[in-house]
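Heads up, the thing below is written out as structure tokens.
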Amino acid sequence: MATFTFDGYMGAGPAWADFAANRIVFSGSLTDLTAAITVAAFQDGTHAGNGTPGTDQCGANHANNVKYLTGSTMSVNGAGSEAINDTNLAEIECSLRVHFSHGSAVAISGARLYAFDNSVVTNEAVGIDMYAFERGVAATAWTLINDDSGNIGGDNAGERLALGDKTSATDHYWYIALSASPESVGAKASFAIGCALTYS
């Protein structure tokens, strides 16, 4: 049997913990998941919320926040600007770990992460700009995976983050930074993250 989990670095230890039934909440504050993000600005906090946004469910440690600054720079948990690359962004600083598990050893190809409208996987998320970055593949720039006003987003070629291939194993992990910005005032309910791959 194959399973996906989306994990945040917020467990005891600290350690990676499954977001499970909670939602990834982007907010305008490192500590308050209800703080609004200014239109055209990027989030200052990433949280696990049990609703929209609900209450903070981060657990023993708080989920990490990686904020888009420019196409090649970031701020981690409110710190100063740094180039986004494998040296400056540690695995344990990433917003998200995608974990794919299979009962037998499989190799992975064609993996990708995308933003969509929480209904049709090829539709962009509504009212959102989003950038993503995969640590561990020698990338040095963010990838735009959603721009509602530009009709970019969904599981479409050129509108998603291609993830690194993996050799045969039962467990596979990808370490991802995510940064989001609202295009307009108001809650963004038509917004989700998806992942797909081929295994053999």
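Read-outs throughout are calculated quantities, based only on the coordinates presented, and are distinct from any laboratory measurement. Just so we're clear, the structure is a prediction, and the values are computed from it rather than from any experiment. Positions of Cβ are backbone-derived with ideal geometry, glycine not excepted, and every protein chain shown enters the neighbour counts.
Results, tabulated for the structure shown:
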item	result
Largest-first ellipsoid semi-axes for segment 2-199, taking √(5λ) over the Cα gyration tensor eigenvalues, angstrom	23, 19, 17
Net charge of neighbours whose Cβ lies under 11 Å from the Cβ of H99, counting Lys and Arg as +1 and Asp and Glu as -1	-2
Net +/- balance of residues flanking A79 in space, Cβ distance below 13 Å, scoring K and R +1, D and E -1	-2
For segment 97-112 versus segment 29-95, the gap between their alpha-carbon centres in whole angstrom	26
